[in-house]
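Visitor: Below you'll find the structure I mean.
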Amino acid sequence: MAALRDNESLPATRIATRVATAAGCAALVTLVVLAVAASTDPATGQAWSGAYTDAPGLVSWLIASMTEPQFYAVATAGLGLFLGGLFAHVAQRSSRPWAGFVQACGTGIWPSVVGSALASLVLGVLAWGWTLQPRVWQPLFVPLVATAPAMVVLYGPRLRVCVTAAISGALLTPPASILVVDYVCKPSHLPPVVGATAGMWIGALVAFGACRYFPWMPAPGAWRAAREVENLTGTGTSTTSLLWVLRRALADFSEAQFFGNEWASGAMLSGAVIAYLISPSAFAYGSGLFLAVLTSQAVTALAGVLIWRRRWQALGFYPTFVPVVSVAPATVLAFGGTPQSVIAGALIGALVGPPLAAAISRRLPTGFHPFIGNVASMSVSTALIVPLLDLVPGITS
């Protein structure tokens, strides 16, 4: 009888979810347009310094944060990522053959995943935005790509799961990342991405461990038993084909946000290029190294997919995106964007990051999402590779 009641309520739940998703999408796009229109420079998005009364600045900052994992952090790129992901989701729901890789770790529950991630980001900024100061960076973007989306993927797109995910991600991830950046990375002269990603896995370990004791949380992974989950390698396309390699390398640009889709990545990169043409200094934390960062990411994405494509074929997924948002761009910023740093960071990252992530993820206890291994690999590999490259003669500009 309980199962019958659950089935009877399912259509109403789906309708409510779709209505809420549509309303949220419309509100987000409207806010972005208003925020960008109110800005003197439409490419910026990192000028907000914690003043909650600065609504346009806060909204632009939130949208820009959607692409901070890629080291872009501009509103046009964030808006492109969101609209590209929305387009891909609609195409996938319509079973279009050109829809690309299924988002949200191949589950297709993109609205719930992105909704909980954005809610966690907003809550985290409201809770920890006071830590920002003029010209002082803090990793407040981290809830977007950490506990919240991973928890929804693992436990399912139920309202109680989404709320738990958003709140736990907002409360745990930002302070952990801030503390590691301030008290480990700065004294040790490590790239800030080491602290940001370390906070992600530290906060996630606490959050997923606590979920075992929350009586309202369902069994991890149980929701997927009744659904047919798409193969992440892409329906009908061999991983040995050049087309698949190019598609997968492009999709890896947006995998950190749990999109992992060619349309989302392409729209994000288009928005980034537009922003770069408008204001080159807005990128890569004012370093002016956007083109070098983008080149390193493209090289490491292609190299990673080529090197590990047999793992993709055997397992259905392999974390080749790890160096795209960690080792490769961090190396470029650390050494001034020299050609040596672009190539070295990209190739070494592609060799080390994915297998380390897979090895850590395999050893996680049941009920812990594998993303924990991915971000742990980001922090460990970056913390090891960048200092070692500093010993190489001629790598710095």
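The values are calculated or read from the model by the stated rules, or taken from the named source; none is laboratory data. A quick note: this is a predicted structure, and the numbers were derived from the prediction, not measured. Here the Cβ positions follow ideal geometry from the backbone for every residue, glycine too, while neighbour counts run over all protein chains shown. Accessible surface is based on the protein model in full, side chains and every heavy atom, while ligands, DNA and RNA are left aside. Shrake-Rupley method; radii C 1.70, N 1.55, O 1.52, S 1.80 Å.
Visitor: Residue check, L388 against (1) within 24 Å of K186 (Cβ to Cβ); (2) in contact (Cβ under 8 Å) with a residue 24 or more places away in the chain; (3) open to solvent by 50 Å² or more (accessible area, probe 1.4 Å), all met but one. Which one?
Guide: (2)
Visitor: Every residue in the range 326-344 that is under 20 Å from the mean Cα position of the chain (by Cα) and surrounded by 24 or more Cβ atoms within 10 Å (Cβ to Cβ), please.
Guide: S326, V327, A328, P329, A330, T331, V332
Visitor: Please determine, by comparing only the residues of the range 340-397 that are among the charged types (D, E, K, R) and outside any helix (DSSP H, G or I), which one is nearest to V327 (Cα to Cα).
Guide: Here the answer is D390.
Visitor: Follow-up question, since we're still on this one. Can you pull out the residues in the range 259-292 that are part of a helix (DSSP H, G or I) and under 17 Å from the mean Cα position of the chain (by Cα)?
Guide: E262, W263, A264, S265, G266, A267, M268, L269, G271, A272, A284
Visitor: Out of everything in the range 282-311 that is out of contact with any helix residue (DSSP H, G or I) (no Cβ under 7 Å at 6 or more places or on another chain) and within 20 Å of L351 (Cβ to Cβ), what residue ends up being surrounded by the fewest Cβ atoms within 10 Å (Cβ to Cβ)?
Guide: R310
Visitor: Still on this structure, please answer the following. Spot the failing condition for S112; the list is (1) among the hydroxyl-bearing types (S, T, Y); (2) over 24 Å from S296 (Cβ atoms); (3) touching a Gly at 6+ places or on another chain (Cβ under 8 Å), and only one is missed.
Guide: Result: S112 fails condition (3) only.
Visitor: While we're looking at this one, here's another question. Please find, among A170, A127, the residue that is farther than 21 Å from E255 by Cβ, of a type in the set (A, V, I, L, M, F, W, C) and modelled with pLDDT of 95 or more.
Guide: Of A170, A127, the one residue that is farther than 21 Å from E255 by Cβ, of a type in the set (A, V, I, L, M, F, W, C) and modelled with pLDDT of 95 or more is A170.
Visitor: Name every residue in the range 93-110 that is in a helix (DSSP H, G or I) and surrounded by 22 or more Cβ atoms within 10 Å (Cβ to Cβ), in order of residue number.
Guide: W110, the sole residue that qualifies.
Visitor: Related question: Looking for something open to solvent by 10 Å² or more (accessible area, probe 1.4 Å) and of a type in the set (G, A, S) - is there at least one such residue anywhere in the range 257-265?
Guide: There is no residue in the range 257-265 that is open to solvent by 10 Å² or more (accessible area, probe 1.4 Å) and of a type in the set (G, A, S).
Visitor: Name the one entry in L333, L302, L306, L294 that is touching a residue at least 40 places away in the same chain (Cβ under 8 Å), out of contact with any strand residue (DSSP E or B) (no Cβ under 6 Å at 6 or more places or on another chain) and within 25 Å of V142 (Cβ to Cβ).
Guide: The match here is L333.
Visitor: Also, quick follow-up: Out of V90, V114, V122, report the one residue that is open to solvent by 30 Å² or more (accessible area, probe 1.4 Å) and either in contact (Cβ under 8 Å) with a residue 40 or more places away in the chain or touching a strand residue (DSSP E or B) at 6+ places or on another chain (Cβ under 9 Å) (or both).
Guide: V122
Visitor: Now for a different question. Residue check: is P175 outside any helix (DSSP H, G or I) and within 27 Å of P365 (Cα to Cα)?
Guide: So P175 fails the test.
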